[in-house]
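Here is the structure we will look at.
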Amino acid sequence: MTTDELISLEVFCTREGVEISFVRALHDRGLIRVTIVEQQDLLEPAMLPHIEKLARMHYDLDINLEGIEAISHLLERMEHLQAEMRSLRDRLKLYEADEP
């Protein structure tokens, strides 16, 4: 990904009404990735919906960073388990199709 495709952290925060310190705290906790190029913090466009979701948890639901971290990890685990379940269902369908 080139730096032309990245979005400035300051621009994102201004548009979305999110504090820069909040986004940096998310980065420090490993919940998002912030790319630093020439002393400028940049975000990947694919990361924006995730940041918006975490910001809604914080600002709208008044969940602190520790809670956001716990919820984020639980959601990741749930998504992983759902993907594994879909994969197992697909494998099971293969065996069921072979039966007379």
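Observations, loosely collected:
- In this simple spin-label approximation, Leu48 and Glu5 carry label points 7 Å from Cα along the Cα→Cβ vector, and these lie 1.4 nm apart.
- Solvent-accessible area, 1.4 Å probe, carbon plus sulfur percent, for region 19-74: 52
- Kyte-Doolittle mean at least -1.0, axial Cα span of 15 Å or more - DSSP H helices of the chain: 48-59, 65-98
- Solvent-accessible area per residue in region 12-88 equals 67 Å², computed with a 1.4 angstrom probe and all protein chains kept.
- Listed candidates (i) 9.0; (ii) 7.3; (iii) 8.5 - label of the one calculated as mean projected area of the Cα convex hull in nm²: (i)
- Farthest towards the positive end of the charge dipole of the chain, among the residues Met57, His27, Leu74, is the Cα of Leu74, using unit charges on the Cβ of Lys, Arg, Asp and Glu.
- Extension reserve of the Gln40-Arg89 stretch, reckoned as 0.36 nm per residue once the Cα distance is removed: 13.1 nm
- Potential lengthening between Glu66 and Gln82 on full extension [0.36 nm per residue; Cα-Cα distance subtracted]: 3.3 nm
The values are calculated or read from the model by the stated rules, or taken from the named source; none is laboratory data. Just so you know, these numbers come straight off a predicted model, no measurement behind them. Note that we place each Cβ from the backbone using ideal geometry, even for glycine, and neighbour counts take in every protein chain shown. Accessible surface areas use protein heavy atoms only, side chains included; no ligands, DNA or RNA. Shrake-Rupley method; radii C 1.70, N 1.55, O 1.52, S 1.80 Å.
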